[in-house]
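What follows is a short report on a single structure.
What follows is calculated from the coordinates using simple rules that are stated; it is not laboratory data. Everything quoted here is computed from the prediction, not taken from an experiment. Cβ placement follows ideal geometry from the backbone for every residue including glycine, while neighbour counts extend to all protein chains displayed.
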Amino acid sequence: MPAADAHTIHTLYVDHHGWLQGWLRRRLGNAADAADLAHETFLRLIASRDALIGLQEPRAYLTTTARHLLIDRSRRQVIEQAYLAELALLAETLPHYPSPAEIMAAVEALSQITRALDNVPPRAREAFLRHYLEQQTQADIARALGVSKRMVQKYLAQALLCCHLHCPALAEHGL
């Protein structure tokens, strides 16, 4: 990293980190989570060197980035809560309840799938979610999307390939 960029980041951090952490703490109600998200926000800034060029409103950029991280965090929590709720329902009917390690592995796999699907075109993602979450047939999905059944098969293959490539937890289990 060029010295000028390092100096700019250092200055942004010194000038705005405390403010950003306070802003996040008010939204989260938790100092530890606020500190983590503030740290991750600055990591995103560092990773996106282009953001440093001509940055006129650093607080606006930081809050926008932090909001996106809050949304990502919220999505992960929704997935985790839905999974845990489903486990609670299954625990009543199943003799074998998953261990904490199995639960964490499943939550991690769901998070990886979510991140992988972010890299898939919208129609392929929609086909995947309709088929695997809503249990819709390929013919129903084709009608809903206005495409052929063969195109739906291509969408599903594209999404599954992306999940396979970006989800080590799935690959470890041969999925």
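Computed values, structure above
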read-out: Hey, Tyr155 of a type outside the set (S, T, N, Q) and over 20 Å from Ala82 (Cβ atoms) or not; value: yes
read-out: Hits in the stretch 110-153 (condition: surrounded by 14 or more Cβ atoms within 10 Å (Cβ to Cβ), under 19 Å from Ser74 (Cβ atoms) and not β-branched (Val, Ile, Thr)); value: Leu110, Ser111, Gln112, Arg115, Ala116, Leu117, Arg125, Leu129
